[in-house]
Amino acid sequence: MSVESVRVGLAGAGSIAFGTAALLCQNAHQPMLWSPSGERTRALKGGTALSASNAIEGDFHPAVAEDAAQLAAENDVLMLVLPGYGHKAVMDALVPHVQAHHTIIISSHASLGALYLAARLQERDISVPIIAWGTTIVTGRQQSMNSVMVNTIRAQVDFCAVPSSANQAALALCQSLFGERFVQRDGLLAISLSNLNPQNHMGIAMGNMSRMERGETWSQGQNLTPKIGALLEALDLERLAIAEALGLKVRTIFEHFHLSFHVPIASISEMNQQMHEQGNGGTGPATADSRYVTEDVPYGLVVTAALGRLVGKPAVLHEAGVALFSAMYERDFAAENDLLAALQLENVALEQLRDAACSGILHAAR
């Protein structure tokens with residue numbers, strides 16, 4: 001899409017949505033935020049500026065949408081920028097309003113949701129490019145209903161488009177919006193295995209749950225100690241084994257921290273200690289009701305485990321994480337993933353899934 005200023009509708013109004021909106025404004029684009037509940041954009045709708053600090057500094061004035069219909073009607077690009085547990089509901093809200101001129105970006109892609117979205121649009125005889133990102137463009141923490149601290153703007157974001165024929169145009173669009181930081185991966189399976197947040201957050205949350213429950217303020221980088229780092233490295237080996245079985249190339253955990261946070265490659269614990277010393281270690285969650293668990297377990301660990309079973313590379317540590325967190329929270333996280341349930345993945349053969357990862361069409365999807 002070769003225009004100087006692009007109208008981008010952001011479905012979401014949390015820390016990543018606020019940070020992404022600030023970055024779009026800084027890059028001279030026109031973002032519009034939509035909060036499905038309406039609560040998180042109330043101050044902005046009243047004219048209060050969106051204040052960003054740290055990696056992005058300034059006051060910005062993104063537009064605010066009343067509903068999904070307005071978001072679709074007034075924007076050319078639609079972005080899902082909210083936790084995975086909200087993706088299906090937002091997709092269902094947007095589907096009736098998507099038109100052929102739209103491009104949709106999922107930031108970050110969860111649970112093969114692009115296949116669900118493509119299937120819903122197909123019911124309307126609508127086919128649009130869907131761009132799946134392996135992670136978010138920014139990291140940060142929302143400080144109030146009109147302010148966000150952006151910890152970092154990522155140097156590299158993995159992406160793919162469905163259908164794969166849209167990859168070149170997708171790259172051009174992403175670069176026009178956010179700069180030359182995008183790396184094309186081979187389909188949705190590679191993107192699903194490119195998201196390191198679930199495995200990393202599993203170790204961090206498991207090792208620091210008492211801090212989270214007590215509401216403490218604690219440095220995430222500093223508290224990623226050698227034994228937690230060793231767990232993250234072991235989890236990464238499971239993910240890499242699944243990718244290798246699928247013939248896919250994905251980043252290692254070492255490359256992830258090096259490229260995202262600009263620290264030299266060392267052990268994962270050592271890299272995080274360096275991040276802490278540089279002021280980029282981040283602050284850990286101050287509540288057990290954190291997306292580190294409520295999003296990343298059902299929409300991350302569960303998906304990796306399912307892919308592991310499908311290719312004969314059981315991800316035993318990922319499976320254990322799902323079971324342990326389910327016991328700790330007294331809920332069945334594996335059953336909470338509404339996207340996988342809608343896709344009926346248990347009825348899909350591996351070759352069907354491989355084809356769908358490039359075409360965007362999974363015939364078992366409902």
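One table, with the values for the structure above:
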{"item": "Where GluC sites (Glu not before Pro) in DSSP loops with at most 15 other Cβ within 10 Å are excluded, longest remaining stretch of the chain", "result": "217-329"}
{"item": "Average projected area [Cα convex hull, segment 163-224], square nanometres", "result": "6.3"}
{"item": "Stretchable slack from A286 to Q30, in nm (0.36 nm times residue separation minus alpha-carbon distance)", "result": "88.9 nm"}
{"item": "Highest to lowest packing among 188-196, 143-151, scored as the average C-beta count within 10 Å", "result": "188-196, 143-151"}
{"item": "Theoretical gain in end-to-end length, L324 to H97 [0.36 nm per residue, Cα-Cα removed]", "result": "77.7 nm"}
{"item": "Stokes-Einstein D for the chain, Kirkwood Rh over Cα pairs, 25 °C, 0.890 mPa s (µm²/s)", "result": "119"}
{"item": "Contour excess over end-to-end distance, with Cα ends at K45 and D59 and 0.36 nm allotted per residue", "result": "3.6 nm"}
{"item": "Most mobile listed residue (I106, I242, I126) in the chain, GNM with C-alpha springs under 10 Å", "result": "I126"}
{"item": "Candidates T252, T103, T217, ranked by Gaussian network fluctuation over the chain, Cα under 10 Å, top entry", "result": "T217"}
{"item": "Simple spin-label estimate for Q122 and E351 in nanometres, 7 Å along Cα-Cβ", "result": "1.8"}
{"item": "Apportionment of accessible area to carbon and sulfur, segment 257-331, percent (1.4 Å)", "result": "55"}
{"item": "Probe 1.4 Å, protein heavy atoms only - accessible area per residue of segment 261-330 in square angstrom", "result": "42"}
{"item": "Gaussian network model of the chain, Cα within-10 Å springs - most flexible of Q344, Q278, Q99", "result": "Q278"}
{"item": "Solvent-accessible area, 1.4 Å probe, carbon plus sulfur percent, for segment 173-243", "result": "45"}
{"item": "Rounded percent of accessible protein surface that carbon and sulfur make up, segment 26-167, 1.4 Å probe", "result": "47"}
{"item": "Amide hydrogen neighbours beyond the local backbone of R185, cut-off 5 Å, H modeled", "result": "F159, C160"}
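The values are calculated or read from the model by the stated rules, or taken from the named source; none is laboratory data. The structure displayed is predicted, hence computed values, not measured ones. Glycine also receives a Cβ, built like all others from the backbone with ideal geometry; neighbour counts cover every protein chain displayed. The protein model used for the area step is the full one, side chains on, heavy atoms only, and it has no ligands, DNA or RNA in it. Shrake-Rupley method; radii C 1.70, N 1.55, O 1.52, S 1.80 Å.
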